[in-house]
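Read-outs throughout are calculated quantities, based only on the coordinates presented, and are distinct from any laboratory measurement. Because the structure is predicted, anything quoted here is derived from the model rather than measured. Because the Cβ atoms are built from the backbone with ideal geometry, glycine has one as well, and the counts that use them run over all protein chains shown.
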Amino acid sequence: EEVIIAMKQACQALRRDYPAESGSYAAVIVNSPQHTAFSINCGDCRVGVRQGKHITWISPVHTLATSLNSTESEAPEQSPNRHILTRSLKAKRFTQPDVIPFEVGQGSIILATDGYWVEHLIEHVPFNQLADDASYLVLFAGSSTARSDDGNWLALS
C-alpha cells in the first residue's frame, strides 16, 4: 500500500511536465528470506519467474488484444491490437496497477517490455534486429545481483 501511495504522489508530480504522456511499467518487491515477492504492473510490461530457460509470466498484460482475446482468432501477442494499451501510467490520472503476490523459489525474476517478451522470446527475432523497445531486467534469486540490457531499469536493494 505504501508503494502505491508513493506512485500516486510521483504521478501527480508528472502532471506539470508530461500532461499527455503515457507509459507501461513493471516493478517487483522481493522478500528475499522467504523467496516471495509482489509484482506491480500497468500496461504491457511483464514480470515473470525464470527457471532455467522457462519463464512463467506472473503479471497480466493490459492491452486491447488481451481484452478481445475471446473474440479474436489470433493470439493476443500476434494481434495489431497488442499496441493499444487499456491501462497505463498517465500523468493526468493515476491508474491502479495490478499487484500480485508470487513465489520466487530458486528461480530468477525477470521484468520485460513487450518488445522483449513478444518480439524476442515469442517471435524469435534476434535481439539486435528488434523493431520495438526491448528491455529486460533479471534479478537473480538469493543475490543482490541484477542484469539488464540497458539503462531503462533500476534495481534497488
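So, counting K/R as plus one and D/E as minus one, what does the shell of residues with Cβ under 14 Å around ARG15 add up to? For residues surrounding ARG15, the net value is +3. In this structure, the amide hydrogen of VAL125, modeled 1.01 Å from its nitrogen in the peptide plane, lies closer than 5 angstrom to those of HIS120, counting only residues at least 5 positions away or on a different chain. Here the Karplus curve 6.51 cos²θ - 1.76 cosθ + 1.60, taken at θ = phi - 60°, turns the phi angles of region 53-67 into couplings of 9, 8, 10, 9, 7, 8, 8, x, 10, 9, 10, 5, 4, 5, 5 Hz, with x standing for Gly and Pro. Multiplying the residue separation of TYR25 and ILE84 by 0.36 nm and removing their Cα-Cα distance gives an extension gain of 19.8 nm.
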